[in-house]
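The values are calculated or read from the model by the stated rules, or taken from the named source; none is laboratory data. Quick caveat, the model's predicted, so the values are computed rather than measured. Neighbour counts are summed over all protein chains in view; Cβ atoms, including those assigned to glycine, are modelled from backbone coordinates with ideal geometry.
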Amino acid sequence: MPVIDMSAGVVLREVGLRDGLQSLARTVPTADKLAWLRAAHAAGLREIEVGSFVPARLLPQLADTAELVAVARTLPGLVTSVLVPNLKGAQAAIESRADAMLLPLSASHAHSLANLRRTPDEAVAEIGRIRALRDASGSRCRIEVGISTAFGCTIQGRVDPDEVLRLVQAALDAGAEQVGLADTVGFADPLQVARLFERGLRVAGDRLGCAHFHDTRGLGMANAYAAWQAGIRRFDASLGGIGGCPHAPGASGNVATEDLAYLFMSMGVPTGLDFDALMALRGRVVQWLAGEPLHGSIWRAGLPRTLKEPA
């Protein structure tokens with residue numbers, strides 16, 4: 001096993017305000033979202049996905065994304081990202097002056113048609129058009145592509161790793177500046193994760209810069225550890241483990257931010273997070289989402305007495 005530098009920190013990107021809330025039927029008031037945003041920043045989170053530029057009729061829960069971006073841009077050192085499904089959404093992201101836009105690209109042909117109503121290669125062509133728009137506008141908004149269903153699909157079943165890697169290269173060729181791999185429906189296991197990320201890093205190098213896991217079958221933390229061992233240092237997570245995929249019935253949601261923070265803290269890997277503040281924010285999220293199921297483990301027992309946060 002290669003020697004791992006335990007002093008090299010990781011970055012956790014909080015996605016609850018987008019991936020989490022879009023999965024809920026309720027609409028959280030903007031004031032509560034802004035309190036969530038500010039508290040997440042105060043807890044040390046320096047990358048936050050604040051929403052998505054999709055039609056309000058489709059996702060009224062995220063209709064206030066532009067307002068959240070405006071406030072996020074005032075928070076020191078924060079990288080503000082938004083999800084955009086198409087060229088129109090990218091235009092809105094550019095106009096909002098978000099730091100980064102995340103473009104979904106499904107490795108599953110069936111999931112792509114169900115989720116985006118286009119084939120994976122048609123989605124790649126849209127990435128090229130978005131890059132051209134971004135460059136022509138003079139914007140510095142980073143283009144990041146998330147390869148969803150990279151480890152399997154509830155509709156299609158198995159997803160060929162060669163197809164995932166083909167799409168990684170195609171996304172980069174089309175103009176993406178960074179790519180990530182997502183276990184959208186919670187099918188992955190640690191060995192599968194290690195193998196695919198190792199192959200992906202050989203294709204994309206440090207441009208493969210994010211891992212996104214769901215804890216649907218209880219392997220989220222193990223999969224995150226496997227990706228970290230493979231060399232990934234940036235992870236998506238959601239407070240309380242909220243979120244999911246409409247094409248993954250029964251899915252429990254993203255790995256919980258607080259659990260992922262604990263995983264790395266317990267190994268002495270710096271996260272830059274104030275764990276007490278993070279847990280306090282989780283308590284507020286419970287109140288804002290009263291009646292909604294939240295997930296995760298560390299909130300039940302708290303930190304062990306033997307654990308000290310890394311300097």
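Once region 91-137 is narrowed to residues that are under 22 Å from residue 182 (Cα atoms) and touching a Lys or Arg at 6+ places or on another chain (Cβ under 7 Å), the residue that is modelled with the lowest pLDDT is 112.
Applying the selection to region 200-217, what residues are hydrophobic (A, V, I, L, M, F, W, C) and farther than 15 Å from residue 145 by Cβ? So that I can check it myself, show each step before the final result.
Initially, region 200-217 is screened for residues hydrophobic (A, V, I, L, M, F, W, C), giving 201, 203-204, 208, 210-211, 213.
201, 213 - these are the residues of region 200-217 that are hydrophobic (A, V, I, L, M, F, W, C) and farther than 15 Å from residue 145 by Cβ.
Got a sec? Which of 75, 87, 62, 12 is among the aliphatic types (A, V, I, L, M), more than 28 Å from residue 231 (Cα to Cα) and in contact with a Gly (Cβ under 9 Å, 6 or more places away or on another chain)?
Details: 75 fails: in contact with a Gly (Cβ under 9 Å, 6 or more places away or on another chain); 87 fails: in contact with a Gly (Cβ under 9 Å, 6 or more places away or on another chain); 12 fails: more than 28 Å from residue 231 (Cα to Cα).
The unique qualifying residue is 62.
Among the candidates 167, 172, 191, which residue alone is crowded, with 19+ Cβ neighbours inside 10 Å, without any contact (Cβ under 8 Å) to a residue 60 or more places away in the chain and assigned to a helix (DSSP H, G or I)? Break it down stepwise before answering.
Working: 167 fails: without any contact (Cβ under 8 Å) to a residue 60 or more places away in the chain; 191 fails: crowded, with 19+ Cβ neighbours inside 10 Å.
Unique residue meeting the criteria: 172.
The combined condition, being surrounded by fewer than 23 Cβ atoms within 10 Å (Cβ to Cβ) and in contact (Cβ under 8 Å) with a residue 24 or more places away in the chain, is not fulfilled by residue 105. Restricting 25, 72, 66 to residues that are surrounded by 14 or more Cβ atoms within 10 Å (Cβ to Cβ), out of contact with any strand residue (DSSP E or B) (no Cβ under 6 Å at 6 or more places or on another chain) and either at pLDDT below 95 or of a type in the set (Gly, Ala, Ser) (or both) narrows the list to 66. Cβ-Cβ distances below 7 Å connect no pair with a first residue in region 38-59 that is free of Cβ contacts under 8 Å to residues at least 24 places away in the same chain and over 27 Å from residue 115 (Cβ atoms), a second residue that is among the small types (Gly, Ala, Ser) and not in a loop (DSSP other than H, G, I, E, B), and a separation of six or more residues or different chains.
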